[in-house]
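Report on the following structure.
Just so you know, all these numbers are worked out from the coordinates, no wet-lab data involved. This one's a predicted model, so the numbers in the text were calculated from it and none came from an experiment. Here Cβ is always computed from backbone atoms with ideal geometry, including for glycine, and neighbour counts include all displayed protein chains.
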């Protein structure tokens, strides 16, 4: 049964429940990171219920056991919430882009993944939030979310080099999996790991460089760029005279 005419996340022609839970590139990435086997992720099913039954086969338990476990967990959480400070503050605070340390340039990048396409965007700002340049692009290819983030990482390094940035640079992404791979590059023997290692080699163009994680709210301008790239299927590059289209997001981020 079709839930949506178009899949908002990945651009599929129709989004069914099975597509949303298993076949969407983002869902596949989450299932893989959670430890589900490749067979469960890639095997084809006609109906969502068939996939769910296959996943749960061999994991059946008495209904009373499941109920008791759920009740115990609920009680544990209730007690914990009374004793501990809340994990999420009740004070609502707008999350914004954070300025880098004095003398540093910050490069924010992000990507969007479709069925057979990838859009990416990057933005460079100095320690006062002043725009140094940015850009993005569109590639017709099929990639996982993590592979697409690696492409955006590579392109952001190339962009910084093109803008003649040679000092201290911080690259920032909202994809935690990419940062984790970057941190464990010495033990990563995958093809993707080799590409990330090439990115670290490209860091030699700068005085110093690092890759860190940020919340998605701190990546709004890069998000806008990759969305535009996907929609218009184009390549974009600009320097300090940035387009009026991103003016509001740029100003909001630093004020």
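With each label point set 7 Å from Cα along the Cα-Cβ vector, what nm distance links residue 185 and residue 49?
Those two pseudo-labels are separated by 5.0 nm.
Under a crude label model (7 Å from the Cα following the beta-carbon direction), how far is residue 162 from residue 115 in nanometres?
A separation of 3.0 nm, rounded to one decimal place.
Could you sort the peptides 195-204, 154-163, 138-147 by per-residue average Cβ neighbour count (10 Å cutoff), highest mean leading? Before the final figure, lay out each step's value.
Values: 195-204: 14.5, 154-163: 19.5, 138-147: 16.8.
So the order, starting with the most tightly packed, is 154-163, 138-147, 195-204.
Would the range 139-207 count as rounded, prolate or oblate if I go by the C-alpha gyration tensor, calling it rounded below 1.5 in a/c and otherwise prolate when a/b exceeds b/c, oblate otherwise?
In terms of gyration-tensor shape, oblate.
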